[in-house]
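**Q** Below are the structure tokens for one structure; questions will follow.
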Amino acid sequence: MAPAKRLAKSKQANPSGSTGSPPAPFKSPPEVLESFVNGLSEKHVYITHVDSKAASFKRKVFLVPVAMNVCVSFLFVWRMYSILPWYWQLVLSALGYASEATFAASEATWGELAWEISKRGISMFVDFVLFVFVWPWPVEFAAGQRHGNPMLWRRKVGFQDREIYVLRSRDWDRVLGDIFKDADSRKILTAYIQQATSPLLQEQKTGYLLMNSHWDLDWEAMVYAHALVDKKTIALEAFKTVTLVHHKDYGWLCYDLKVGSQADEDDKRRQIFAFRDALTAMGKDDLFYRWIEIVQFEAGQPGGFGPEKQEAAAQRIRDMFEAENINFDELWKEAVGT
């Protein structure tokens with residue numbers, strides 16, 4: 001959907017909500033995301049994610065489904081080219097005309113009849129599977145309209161080092177009741193959100209590979225998100241791991257991922273992964289592992305890892321990075337943002 005259409009929709013999508021604050025860990029979405037959020041379907045749960053994998057890597061990953069869909073298309077075209085004349089002969093035979101497909105059943109043995117029926121049945125079954133289950137893959141990939149399609153997304157967004165991905169819940173969202181009154185619905189929602197926002201999952205997989213049996217990618221929303229960023233309406237950082245769910249009383253809500261000690265641990269993992277990726281991009285993987293070894297060694301020494309030892313370890317790490325002509329603090333701030 002074009003950005004203009006989404007903006008038109010957002011004017012109508014003003015849900016009647018409660019004037020009070022939603023229960024934790026839910027909160028109102030940032031105002032800066034309003035133009036994006038109001039263009040989403042209230043029936044689904046959404047998760048936005050900023051993927052920092054290299055553009056070259058994303059291009060290689062995307063070439064796999066492109067090649068697969070091209071092969072499926074060629075297979076389908078070849079099959080239709082080779083089999084359509086046979087179906088035409090069947091039609092002529094069914095209409096009473098003599099054709100290559102005419103089979104004299106009255107003159108055939110039971111074995112010949114069974115073989116002919118089996119041969120034709122298998123051929124029709126293969127074509128049925130191709131037409132109903134396989135052919136829609138390349139069609140949706142290149143011309144899907146309901147939520148956009150991957151080819152349109154890549155044509156509009158291209159391949160960037162930092163890309164916005166928007167996950168959209170699949171059929172499981174239909175079983176959700178009132179998440180504030182139904183404990184089971186809340187547990188289901190929380191479980192799926194925590195699974196999809198796992199730092200290990202997001203850091204190890206590029207955004208295109210986050211699709212699974214529980215989450216789809218909303219290509220249209222991703223195109224629109226990048227359009228808002230290009231117009232400088234919303235900063236790209238605003239899309240970094242935001243979970244959105246609609247409630248009949250409160251309207252659109254964010255699930256606060258930073259609530260609790262587990263969230264703190266997840267945030268620390270994200271920082272470490274981001275720092276590791278920055279060093280990997282510089283070809284300094286060994287420096288990352290040496291840094292980890294120093295911290296682990298110092299933390300395991302007798303007497304604990306108090307402030308003095310922490311400062312000494314930090315200075316040792318800075319010196320190690322300086323020896324490689326890298327300013328640790330500047331690189332950390334650039335990679336992690338803090």
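The values are calculated or read from the model by the stated rules, or taken from the named source; none is laboratory data. Only a predicted model underlies this, so the values are computations on that prediction, with no experimental measurement involved. Ideal geometry is used to build each Cβ from the backbone, glycine not excepted, and the neighbour counts take in all protein chains shown.
**Q** In the stretch 121-162, which residue that is among the charged types (D, E, K, R) and in contact with a helix residue (DSSP H, G or I) (Cβ under 8 Å, 6 or more places away or on another chain) is nearest to Gln202 (Cα to Cα)?
**A** Going through the qualifying residues, I end up with Arg162.
**Q** Report, ordered by the first and then the second residue, all pairs with beta carbons closer than 6 Å, sequence separation of six or more or different chains, a first member in the stretch 282-304 that is farther than 22 Å from Asn327 by Cα and in the same structural domain as Trp332 (by TED's automatic domain parsing), and a second member that is in a loop (DSSP other than H, G, I, E, B) and aromatic (Phe, Trp, Tyr).
**A** Close Cβ pairs (under 6 Å, with a partner that is in a loop (DSSP other than H, G, I, E, B) and aromatic (Phe, Trp, Tyr)) amount to Ala299/Phe305.
**Q** Are any residues in the stretch 41-57 under 19 Å from Val175 (Cα atoms) and crowded, with 17+ Cβ neighbours inside 10 Å, and if so, which ones?
**A** His44, Val45, Tyr46, Ile47
**Q** Please go through the stretch 30-83 and give me each residue that is of a type in the set (Lys, Arg) and under 29 Å from Val242 (Cα atoms), ordered by number.
**A** Within the stretch 30-83, Lys43, Lys53, Lys58, Arg59, Lys60 meet the criteria.
**Q** Looking at Lys205, Lys187, which is the one that is modelled with pLDDT of 90 or more and out of contact with any strand residue (DSSP E or B) (no Cβ under 7 Å at 6 or more places or on another chain)?
**A** After applying the criteria, what remains is Lys187.
**Q** Let me spell it out: the conditions are (1) part of a loop (DSSP other than H, G, I, E, B); (2) touching a helix residue (DSSP H, G or I) at 6+ places or on another chain (Cβ under 7 Å); (3) more than 18 Å from Thr243 (Cα to Cα), and Tyr97 meets all of them except one. Which number is the exception?
**A** Looking at each condition in turn, Tyr97 falls short on (2).
**Q** Quick one: Tyr97 ticks every box in (1) in contact with a Gly (Cβ under 8 Å, 6 or more places away or on another chain); (2) more than 30 Å from Tyr255 (Cα to Cα); (3) not basic (Lys, Arg) bar one, so which box is it?
**A** Every listed condition holds for Tyr97 apart from (1).
**Q** Give the residue that is farthest from the chain's Cα centre (by Cα), with candidates limited to residues of the stretch 143-157 that are in a loop (DSSP other than H, G, I, E, B) and in contact (Cβ under 8 Å) with a residue 12 or more places away in the chain.
**A** Step by step, filter the stretch 143-157, then rank; the result is Gly144.
**Q** Considering only residues that are loosely packed, with under 15 Cβ neighbours inside 10 Å and not hydrophobic (A, V, I, L, M, F, W, C), which ones fall in the stretch 138-159?
**A** Within the stretch 138-159, Gln145, Arg146, Arg155, Gly158 meet the criteria.
**Q** Could you list, ordered by first residue, the pairs with Cβ atoms under 9 Å in which the first is in the stretch 201-212 and in contact (Cβ under 8 Å) with a residue 60 or more places away in the chain and the second is basic (Lys, Arg) and in a helix (DSSP H, G or I), at least 6 apart or interchain?
**A** Gln202/Arg270; Glu203/Arg269; Glu203/Arg270; Glu203/Arg276; Thr206/Lys58; Gly207/Lys58; Tyr208/Lys58
**Q** Looking at the stretch 70-79, is at least one residue at pLDDT below 95, part of a helix (DSSP H, G or I) and charged (D, E, K, R)?
**A** Yes - at least one qualifying residue is present in the stretch 70-79.
**Q** Could you tell me whether Gly337 is surrounded by fewer than 15 Cβ atoms within 10 Å (Cβ to Cβ), under 30 Å from the mean Cα position of the chain (by Cα) and not charged (D, E, K, R)?
**A** yes
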